[in-house]
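Enquirer: Okay, here's the structure, questions in a sec.
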Amino acid sequence: MEGIELFLVATNSIGFICVCSGILRFLKWVWGMWLRPAKNLKQYGSWAIISGSTDGIGKAMGFELASEGLNLVLVGRNPLKLEGTRKEIRDRHDVEVKLVVIDMQKVEGEEIAKRVEEAIDGLDVGLLVNSAGLAYPYARFFHEVDSELMDGIIKVNLEGPTWITKAVLPTMINKKKGAILNIGSGSTVVLPSYPLVTLYAATKAYLAMFSRCISLEYKQQGIDVQCQVPLFVSTKMSKMKTSVFVPTAEKYSKTCRRWIGYEKVVQPYYLHSVQGFFIRSIPDAFVDSYLLRYFLYWRRRGQSKYSNINPLPSPNSFSQHPHSTTN
């Protein structure tokens, strides 16, 4: 009988601990989503630099940060779109806006860093938002990815944020304060795989690990590093219509702003977080099977669309702008 009693005590204790752990995680989620006060971003510095700032999340973040009185350094490849974005921001907010024209698909990493260093020289830069992203025009097998698209995705999604971060860090280290926000993708932390969009997901997975690592390296220097991993957001890149689970870039940026400076890897939009919870509760084999069928369907759709335009996708059939497919 003693053995049975010990077994019952042990199982009850384990069950109690599991229930308490679940309750604590839920309370922490509620606290972070709605109750925890957002940080005063101006305490990091009076300037913020944003890559991929002429569309999607990057542009929305520009307006959000400007509304709080932060001056902006906008990085993008299209000078006309950059100038248009600056005018829009200046018309609505009394802040300074500097422009840096860089085509990250064509410029080497050291040159990216050099141009950013020159642009921020003498500025009190407190926040960096790496939001530029490049995705497939449609799903395809890895061997079908042409070399120009492959090179562009690696340069924009991986090399670009790496070199911009390297350029900005010394300023933050000297001040002993700063914040870095990398816009990653829910495909890398919520889903067990992302077939037929492999290179995009792989480069975004790099951003999550990159953020975790440098967060530990520079936390003692007063620098907060975070990677946000949203699911679908309605942008030109995702081509998704707005819905309950697909917020506009503006709505996402307001949610996103509340989390800056806290956890290393987060899903700021609460419905994305709920989606992620239920997806992770499904066995990986079922999710993998569904995703493969889903992207095979979109591959067929994409092939049909682009074959009616060109025999092969042209270099101009994809674009560099923020964000975000399953970001």
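Here, each number is a calculation from the coordinates, and none is a lab measurement. None of these values were measured; they are calculated from a predicted model. Neighbour counts are summed over all protein chains in view; Cβ atoms, including those assigned to glycine, are modelled from backbone coordinates with ideal geometry.
Enquirer: Expressed as cubic angstrom per residue, what is the convex hull volume of the alpha carbon set of the chain?
Expert: Enclosed volume per residue, from the Cα hull, is 157 Å³.
Enquirer: Separate question: Within the stretch 194-209, whose backbone N sits under 18 Å from a point 7 Å along Cα→Cβ of residue 288?
Expert: 194-199, 201-202
Enquirer: With loop defined by DSSP as not H, G, I, E or B, and exposure as at most 15 other Cβ atoms within 10 Å, which is the longest segment of the chain clear of exposed trypsin sites (Lys or Arg not before Pro)?
Expert: 1-105
Enquirer: Right, next: Cα-Cα over 21 Å: which of 81/239; 106/254; 42/175; 98/241?
Expert: Long pairs (Cα-Cα over 21 Å): 106/254; 98/241.
Enquirer: If you build a Gaussian network model of the chain, linking Cα atoms that sit under 10 Å apart, which residue out of 124, 284, 55 swings the most?
Expert: Among 124, 284, 55, the largest GNM mean-square fluctuation belongs to 284.
Enquirer: A follow-up question, please. Residue 40 to residue 209: extension gain in nm, 0.36 nm per residue of separation minus the Cα-Cα distance?
Expert: Extra length available between residue 40 and residue 209 comes to 58.2 nm.
Enquirer: State, to one decimal in nm, how far the label point of residue 114 lies from the label point of residue 277, with both points 7 Å from Cα in the Cβ direction.
Expert: Output for this residue pair reads 5.1 nm.
Enquirer: On to the next question. What is the distance, in nm, between label points placed 7 Å from the Cα along the Cα-to-Cβ direction at residue 175 and at residue 217?
Expert: The modelled label-to-label distance comes out at 2.0 nm.
Enquirer: Calculate the FRET efficiency for residue 124 and residue 148 from the Cβ-Cβ distance with a Förster distance of 30 Å, rounded to the nearest 0.05.
Expert: It comes out at approximately 0.20.
Enquirer: With springs connecting C-alpha atoms under 10 Å apart, model the chain as a Gaussian network and identify which of 256, 213, 227 has the largest mean-square fluctuation.
Expert: With Cα springs under 10 Å in the chain, the top fluctuation among 256, 213, 227 is at 213.
Enquirer: Same structure, new question: Beyond a 18 Å Cα-Cα separation, which of these cross-linked pairs lie in this structure: 155/264; 59/236; 114/166?
Expert: 155/264
Enquirer: Between residue 305 and residue 19, what is the label-to-label distance in nm when each label sits 7 Å out along the Cα-to-Cβ direction?
Expert: 5.0
Enquirer: Subtracting the Cα-Cα distance from 0.36 nm times the residue separation, let me have the gained length for residue 6 to residue 78 in nm, one decimal.
Expert: That pair, residue 6 and residue 78, stretches by 19.0 nm at full extension.
Enquirer: Under the rule of -39500 (n - 2.57) per DSSP H run of 4 or more residues, summed and divided by the residues of the chain, what mean residue ellipticity at 222 nm is obtained, to the nearest 500 deg cm²/dmol?
Expert: -16000 deg cm²/dmol
Enquirer: Which of 34, 259, 163 moves most in a GNM of the chain, Cα contacts under 10 Å?
Expert: In this elastic network of the chain, the residue with the biggest mean-square fluctuation among 34, 259, 163 is 34.
Enquirer: Tell me, how many Å apart are the Cα centres for the stretch 210-277 and for the stretch 1-61?
Expert: The stretch 210-277 and the stretch 1-61 have Cα centres spaced 13 Å from each other.
Enquirer: Let me know the charge dipole size of the chain about its Cα centre in debye, to the nearest 20, where only the beta-carbon of Lys, Arg (+1) and Asp, Glu (-1) is charged.
Expert: Computed charge dipole of the chain: roughly 740 debye.
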